[in-house]
Amino acid sequence: MTFSAAAASLATSTASNQQLALSNILSVARGGAISVVSSAASSALLHATSQNDDSPAIQELRGGSTPWSNISPQGSSVLCMAIAMSLHYLSYSIARPSTIALFTSAKTGFAGNTAAFPLAMAFISPTSLVLLVLYGKILNKAGPRGAVRQTTFLCASVLWASAALIFILQGMEPIRIPLLGGSSMKLIQLLVGALFIFRESYVQLLTSQYWSFMASILTPDQSAKWFSPISGLTSVTSAIAGLGVSNVVEAVGLSGALGLAGLILTTSLIFTEKAYAISDKVSTTDDNIIYIYLYIYITMNAKPFKRISRQTVTNNLTKL
(Lines give C-alpha, C1' and ligand atoms only; values in the text may rest on other atoms or scores of the structure.)
Protein backbone atom coordinates (compact mmCIF):
# COMPACT_ATOMS: atom_id res chain seq x y z
CA MET A 1 0.00 0.00 0.00
CA THR A 2 1.59 3.24 -1.12
CA PHE A 3 1.41 6.51 0.77
CA SER A 4 -0.58 8.14 -2.07
CA ALA A 5 -3.10 5.27 -2.15
CA ALA A 6 -3.64 5.56 1.60
CA ALA A 7 -4.18 9.29 1.32
CA ALA A 8 -6.55 8.89 -1.61
CA SER A 9 -8.64 6.31 0.23
CA LEU A 10 -8.85 8.57 3.27
CA ALA A 11 -9.87 11.46 1.05
CA THR A 12 -12.73 9.41 -0.43
CA SER A 13 -14.01 8.50 3.03
CA THR A 14 -13.90 12.02 4.42
CA ALA A 15 -14.31 14.44 1.52
CA SER A 16 -18.02 14.97 2.11
CA ASN A 17 -17.53 15.74 5.80
CA GLN A 18 -14.24 17.63 6.04
CA GLN A 19 -13.63 21.11 4.61
CA LEU A 20 -10.65 23.16 5.71
CA ALA A 21 -9.70 26.40 3.98
CA LEU A 22 -6.00 26.49 3.18
CA SER A 23 -6.01 30.23 3.76
CA ASN A 24 -6.95 29.56 7.40
CA ILE A 25 -3.92 27.33 7.76
CA LEU A 26 -1.48 29.71 6.11
CA SER A 27 -2.72 32.73 8.05
CA VAL A 28 -1.68 31.44 11.49
CA ALA A 29 1.71 30.79 13.05
CA ARG A 30 3.52 27.53 12.49
CA GLY A 31 2.54 25.97 15.81
CA GLY A 32 -1.07 26.99 15.32
CA ALA A 33 -1.13 25.55 11.83
CA ILE A 34 0.13 22.22 13.04
CA SER A 35 -2.45 22.24 15.83
CA VAL A 36 -5.33 23.04 13.44
CA VAL A 37 -4.24 20.49 10.88
CA SER A 38 -3.64 17.79 13.50
CA SER A 39 -7.12 18.38 14.91
CA ALA A 40 -8.69 18.20 11.49
CA ALA A 41 -6.70 15.10 10.59
CA SER A 42 -7.79 13.44 13.83
CA SER A 43 -11.41 14.22 13.00
CA ALA A 44 -10.92 12.71 9.58
CA LEU A 45 -9.46 9.54 11.02
CA LEU A 46 -12.23 9.26 13.62
CA HIS A 47 -14.85 9.64 10.89
CA ALA A 48 -13.17 6.99 8.79
CA THR A 49 -13.01 4.50 11.65
CA SER A 50 -16.62 5.20 12.64
CA GLN A 51 -17.70 3.98 9.19
CA ASN A 52 -16.11 0.58 9.93
CA ASP A 53 -14.04 0.87 6.79
CA ASP A 54 -11.94 -2.28 6.63
CA SER A 55 -10.05 -1.33 3.50
CA PRO A 56 -6.28 -1.92 3.69
CA ALA A 57 -5.61 1.81 3.33
CA ILE A 58 -7.75 2.76 6.33
CA GLN A 59 -6.38 -0.16 8.36
CA GLU A 60 -2.87 1.06 7.58
CA LEU A 61 -3.68 4.54 8.86
CA ARG A 62 -5.49 3.21 11.94
CA GLY A 63 -2.49 1.10 12.88
CA GLY A 64 -4.12 -2.28 12.35
CA SER A 65 -7.02 -4.13 13.94
CA THR A 66 -5.22 -6.22 16.54
CA PRO A 67 -6.33 -6.18 20.20
CA TRP A 68 -3.28 -4.07 21.00
CA SER A 69 -4.80 -1.27 18.88
CA ASN A 70 -7.10 -0.59 21.85
CA ILE A 71 -4.04 0.72 23.73
CA SER A 72 -2.78 4.03 22.43
CA PRO A 73 0.83 4.13 21.22
CA GLN A 74 1.64 6.62 23.97
CA GLY A 75 0.22 4.23 26.54
CA SER A 76 2.19 1.32 25.09
CA SER A 77 5.45 3.25 25.19
CA VAL A 78 4.88 4.37 28.79
CA LEU A 79 3.96 0.80 29.78
CA CYS A 80 7.19 -0.52 28.27
CA MET A 81 9.25 2.10 30.07
CA ALA A 82 7.44 1.37 33.36
CA ILE A 83 8.31 -2.33 32.97
CA ALA A 84 11.93 -1.39 32.28
CA MET A 85 12.01 0.72 35.44
CA SER A 86 10.48 -2.08 37.49
CA LEU A 87 13.17 -4.46 36.22
CA HIS A 88 15.78 -1.86 37.15
CA TYR A 89 14.44 -1.77 40.71
CA LEU A 90 14.22 -5.56 40.79
CA SER A 91 17.89 -5.69 39.86
CA TYR A 92 18.78 -3.01 42.39
CA SER A 93 16.85 -4.77 45.14
CA ILE A 94 18.94 -7.88 44.56
CA ALA A 95 22.24 -6.00 44.26
CA ARG A 96 21.70 -3.82 47.34
CA PRO A 97 21.55 -6.53 50.06
CA SER A 98 24.29 -8.46 48.28
CA THR A 99 26.71 -5.51 48.33
CA ILE A 100 25.83 -4.69 51.94
CA ALA A 101 26.51 -8.30 52.96
CA LEU A 102 29.85 -8.22 51.14
CA PHE A 103 30.73 -4.84 52.66
CA THR A 104 30.04 -5.97 56.23
CA SER A 105 31.60 -9.42 55.86
CA ALA A 106 34.79 -10.21 57.77
CA LYS A 107 36.17 -12.09 54.76
CA THR A 108 35.39 -9.67 51.94
CA GLY A 109 34.55 -6.39 53.66
CA PHE A 110 35.08 -4.21 56.68
CA ALA A 111 33.54 -6.02 59.63
CA GLY A 112 34.55 -4.27 62.87
CA ASN A 113 35.81 -1.16 61.07
CA THR A 114 33.40 1.54 62.25
CA ALA A 115 34.95 4.21 59.99
CA ALA A 116 34.47 2.27 56.76
CA PHE A 117 30.76 2.89 56.28
CA PRO A 118 30.81 6.69 56.84
CA LEU A 119 33.84 6.96 54.57
CA ALA A 120 32.08 5.02 51.82
CA MET A 121 28.97 7.18 52.16
CA ALA A 122 31.10 10.31 51.79
CA PHE A 123 32.20 9.12 48.34
CA ILE A 124 28.67 8.59 47.03
CA SER A 125 27.96 12.23 46.13
CA PRO A 126 31.24 12.77 44.23
CA THR A 127 30.69 9.49 42.39
CA SER A 128 27.15 10.54 41.47
CA LEU A 129 28.55 13.81 40.13
CA VAL A 130 31.07 11.95 37.98
CA LEU A 131 28.31 9.71 36.61
CA LEU A 132 26.18 12.77 35.90
CA VAL A 133 28.98 14.42 33.92
CA LEU A 134 29.52 11.16 32.01
CA TYR A 135 25.79 10.95 31.32
CA GLY A 136 25.76 14.50 29.98
CA LYS A 137 28.52 13.69 27.51
CA ILE A 138 26.77 10.51 26.36
CA LEU A 139 23.48 12.40 26.02
CA ASN A 140 25.06 15.05 23.81
CA LYS A 141 26.58 12.43 21.53
CA ALA A 142 23.94 9.70 21.47
CA GLY A 143 20.68 11.40 22.44
CA PRO A 144 18.20 10.17 25.09
CA ARG A 145 17.73 6.72 23.57
CA GLY A 146 21.45 6.12 23.21
CA ALA A 147 22.09 7.49 26.69
CA VAL A 148 19.72 5.11 28.45
CA ARG A 149 21.08 2.22 26.38
CA GLN A 150 24.73 2.98 27.12
CA THR A 151 24.32 3.87 30.81
CA THR A 152 22.20 0.77 31.45
CA PHE A 153 24.76 -1.46 29.77
CA LEU A 154 27.57 0.29 31.68
CA CYS A 155 25.89 -0.34 35.04
CA ALA A 156 25.10 -3.96 34.16
CA SER A 157 28.70 -4.51 33.02
CA VAL A 158 30.02 -3.20 36.34
CA LEU A 159 27.79 -5.68 38.19
CA TRP A 160 28.91 -8.54 35.95
CA ALA A 161 32.60 -7.69 36.20
CA SER A 162 32.41 -7.22 39.97
CA ALA A 163 30.61 -10.53 40.39
CA ALA A 164 33.27 -12.35 38.38
CA LEU A 165 36.20 -10.71 40.18
CA ILE A 166 34.73 -11.30 43.65
CA PHE A 167 34.12 -14.95 42.80
CA ILE A 168 37.73 -15.33 41.64
CA LEU A 169 39.28 -13.43 44.55
CA GLN A 170 37.30 -15.39 47.13
CA GLY A 171 39.02 -18.55 45.97
CA MET A 172 42.53 -17.08 46.15
CA GLU A 173 44.96 -16.13 48.83
CA PRO A 174 44.37 -12.51 49.90
CA ILE A 175 46.16 -9.93 47.76
CA ARG A 176 47.08 -6.90 49.81
CA ILE A 177 47.39 -3.34 48.50
CA PRO A 178 49.84 -1.10 50.42
CA LEU A 179 48.43 2.19 51.73
CA LEU A 180 49.94 5.31 53.21
CA GLY A 181 51.31 5.02 56.74
CA GLY A 182 52.49 1.46 56.28
CA SER A 183 49.01 -0.08 56.41
CA SER A 184 47.47 -2.26 53.73
CA MET A 185 44.09 -3.38 52.41
CA LYS A 186 42.99 -6.56 50.75
CA LEU A 187 42.23 -6.20 47.05
CA ILE A 188 38.81 -7.76 47.52
CA GLN A 189 38.02 -5.13 50.16
CA LEU A 190 38.91 -2.35 47.74
CA LEU A 191 36.71 -3.92 45.08
CA VAL A 192 33.76 -4.42 47.44
CA GLY A 193 34.07 -0.84 48.74
CA ALA A 194 34.10 0.59 45.21
CA LEU A 195 31.12 -1.57 44.24
CA PHE A 196 29.18 -0.42 47.31
CA ILE A 197 29.73 3.24 46.36
CA PHE A 198 28.86 2.65 42.71
CA ARG A 199 25.67 0.75 43.55
CA GLU A 200 24.47 3.62 45.74
CA SER A 201 25.25 6.10 42.96
CA TYR A 202 23.91 4.55 39.75
CA VAL A 203 20.33 3.92 40.83
CA GLN A 204 19.17 7.53 40.46
CA LEU A 205 21.07 7.95 37.19
CA LEU A 206 18.88 5.34 35.53
CA THR A 207 15.68 6.16 37.40
CA SER A 208 15.74 9.80 36.30
CA GLN A 209 15.95 8.73 32.65
CA TYR A 210 12.89 6.50 32.94
CA TRP A 211 10.83 9.23 34.60
CA SER A 212 12.04 11.82 32.10
CA PHE A 213 10.83 9.70 29.18
CA MET A 214 7.41 9.06 30.72
CA ALA A 215 6.97 12.72 31.66
CA SER A 216 7.72 13.71 28.07
CA ILE A 217 5.03 11.34 26.76
CA LEU A 218 2.21 11.99 29.23
CA THR A 219 0.28 15.20 29.73
CA PRO A 220 0.25 16.76 33.24
CA ASP A 221 -3.21 15.29 33.92
CA GLN A 222 -2.13 11.86 32.72
CA SER A 223 1.04 12.07 34.82
CA ALA A 224 -0.99 12.88 37.92
CA LYS A 225 -3.16 9.84 37.24
CA TRP A 226 -0.56 7.25 36.28
CA PHE A 227 2.66 8.10 38.10
CA SER A 228 1.37 6.69 41.39
CA PRO A 229 0.46 3.27 39.90
CA ILE A 230 3.80 3.19 38.11
CA SER A 231 5.59 3.88 41.39
CA GLY A 232 3.50 1.13 42.93
CA LEU A 233 4.69 -1.29 40.26
CA THR A 234 8.32 -0.62 41.16
CA SER A 235 7.49 -1.09 44.85
CA VAL A 236 5.93 -4.48 44.10
CA THR A 237 9.00 -5.68 42.18
CA SER A 238 11.26 -4.43 44.98
CA ALA A 239 9.17 -6.32 47.53
CA ILE A 240 9.33 -9.49 45.44
CA ALA A 241 13.11 -9.16 45.26
CA GLY A 242 13.32 -8.61 49.01
CA LEU A 243 11.33 -11.78 49.67
CA GLY A 244 13.36 -13.90 47.29
CA VAL A 245 16.90 -12.56 47.63
CA SER A 246 17.83 -14.86 50.52
CA ASN A 247 16.88 -17.91 48.45
CA VAL A 248 18.87 -16.56 45.51
CA VAL A 249 21.96 -16.04 47.68
CA GLU A 250 21.66 -19.52 49.16
CA ALA A 251 21.47 -20.98 45.66
CA VAL A 252 24.18 -19.03 43.81
CA GLY A 253 26.08 -17.07 46.48
CA LEU A 254 26.60 -13.34 46.76
CA SER A 255 28.64 -13.09 43.58
CA GLY A 256 26.01 -15.08 41.71
CA ALA A 257 23.30 -12.73 42.99
CA LEU A 258 25.27 -9.77 41.63
CA GLY A 259 25.54 -11.50 38.26
CA LEU A 260 21.78 -12.11 38.28
CA ALA A 261 21.18 -8.44 39.07
CA GLY A 262 23.29 -7.49 36.06
CA LEU A 263 21.35 -9.90 33.85
CA ILE A 264 17.98 -8.49 34.96
CA LEU A 265 19.20 -4.94 34.38
CA THR A 266 20.30 -5.88 30.87
CA THR A 267 16.86 -7.38 30.22
CA SER A 268 15.33 -3.97 30.91
CA LEU A 269 16.98 -2.74 27.70
CA ILE A 270 14.46 -4.79 25.71
CA PHE A 271 11.66 -2.64 27.07
CA THR A 272 13.46 0.71 26.87
CA GLU A 273 14.26 0.03 23.22
CA LYS A 274 10.62 -0.92 22.59
CA ALA A 275 9.40 2.23 24.35
CA TYR A 276 11.60 4.49 22.24
CA ALA A 277 10.71 2.60 19.05
CA ILE A 278 6.99 3.16 19.67
CA SER A 279 7.59 6.81 20.60
CA ASP A 280 9.63 7.45 17.45
CA LYS A 281 6.96 5.77 15.32
CA VAL A 282 4.24 7.94 16.89
CA SER A 283 6.24 11.10 16.12
CA THR A 284 6.69 10.02 12.51
CA THR A 285 3.00 9.11 12.22
CA ASP A 286 1.94 12.52 13.54
CA ASP A 287 4.06 14.21 10.88
CA ASN A 288 2.56 11.98 8.19
CA ILE A 289 -1.00 12.73 9.33
CA ILE A 290 -0.34 16.45 8.87
CA TYR A 291 1.02 15.77 5.40
CA ILE A 292 -1.87 13.43 4.51
CA TYR A 293 -4.51 15.97 5.38
CA LEU A 294 -2.77 18.78 3.50
CA TYR A 295 -2.27 16.41 0.55
CA ILE A 296 -5.96 15.52 0.58
CA TYR A 297 -7.15 19.10 0.74
CA ILE A 298 -4.77 20.58 -1.82
CA THR A 299 -5.30 17.69 -4.24
CA MET A 300 -9.08 17.95 -3.93
CA ASN A 301 -9.09 21.71 -4.44
CA ALA A 302 -6.40 21.99 -7.12
CA LYS A 303 -7.75 23.42 -10.39
CA PRO A 304 -7.13 21.80 -12.75
CA PHE A 305 -6.92 18.56 -10.73
CA LYS A 306 -3.28 17.59 -10.27
CA ARG A 307 -1.03 15.57 -7.96
CA ILE A 308 0.77 17.48 -5.24
CA SER A 309 4.18 16.25 -4.08
CA ARG A 310 5.31 15.91 -0.48
CA GLN A 311 7.91 18.60 -1.16
CA THR A 312 5.17 21.06 -2.14
CA VAL A 313 3.37 20.52 1.16
CA THR A 314 6.65 20.70 3.06
CA ASN A 315 7.46 24.00 1.40
CA ASN A 316 4.09 25.37 2.51
CA LEU A 317 4.76 24.30 6.09
CA THR A 318 8.20 25.90 6.16
CA LYS A 319 6.64 29.22 5.17
CA LEU A 320 4.37 29.25 8.25
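The values are calculated or read from the model by the stated rules, or taken from the named source; none is laboratory data. Here the structure is a predicted model, which is why all the values come from computation and not from measurement. Here the Cβ positions follow ideal geometry from the backbone for every residue, glycine too, while neighbour counts run over all protein chains shown.
Considering the conditions (1) surrounded by 17 or more Cβ atoms within 10 Å (Cβ to Cβ); (2) farther than 30 Å from Ser77 by Cβ; (3) not small (Gly, Ala, Ser), Tyr202 is excluded by exactly one of them, (2). Scan region 182-199 and give yes if some residue there is assigned to a helix (DSSP H, G or I) and loosely packed, with under 13 Cβ neighbours inside 10 Å, otherwise no. Yes, that holds for at least one residue.
Checking each residue of region 233-244 against the condition of being out of contact with any Leu (no Cβ under 9 Å at 6 or more places or on another chain), crowded, with 18+ Cβ neighbours inside 10 Å and modelled with pLDDT of 85 or more gives no match.
For region 111-149, the tally of residues that are of a type in the set (A, V, I, L, M), surrounded by fewer than 16 Cβ atoms within 10 Å (Cβ to Cβ) and in a helix (DSSP H, G or I) stands at 10. With respect to the conditions (1) touching a residue at least 12 places away in the same chain (Cβ under 8 Å); (2) of a type outside the set (A, V, I, L, M, F, W, C); (3) surrounded by fewer than 21 Cβ atoms within 10 Å (Cβ to Cβ), Gly262 lacks only one, and its number is (3).
Considering (1) at pLDDT 90 or above; (2) in a helix (DSSP H, G or I), the lone condition that Thr108 does not fulfil carries the number (2). The number of residues in region 205-226 that are more than 13 Å from Tyr89 (Cβ to Cβ), surrounded by fewer than 16 Cβ atoms within 10 Å (Cβ to Cβ) and at pLDDT 90 or above comes to 4. Considering region 77-105 alone, what residues qualify as being part of a helix (DSSP H, G or I) and surrounded by fewer than 18 Cβ atoms within 10 Å (Cβ to Cβ)? Pro97, Ile100, Ala101, Thr104, listed by residue number. For Leu169, the requirement of being in contact with a strand residue (DSSP E or B) (Cβ under 9 Å, 6 or more places away or on another chain), part of a helix (DSSP H, G or I), on the phi < 0 side of the Ramachandran plot and surrounded by 14 or more Cβ atoms within 10 Å (Cβ to Cβ) is met. Checking the stated criteria, Gly256 turns out not to satisfy the condition of being under 24 Å from Cys80 (Cα atoms) and in contact (Cβ under 8 Å) with a residue 60 or more places away in the chain. For Ser50, the conditions (1) surrounded by 12 or more Cβ atoms within 10 Å (Cβ to Cβ); (2) modelled with pLDDT under 90; (3) of a type in the set (S, T, N, Q) are fulfilled apart from (1).
Among the residues here, Ala261 does not qualify as more than 26 Å from Leu129 (Cα to Cα) and part of a helix (DSSP H, G or I).
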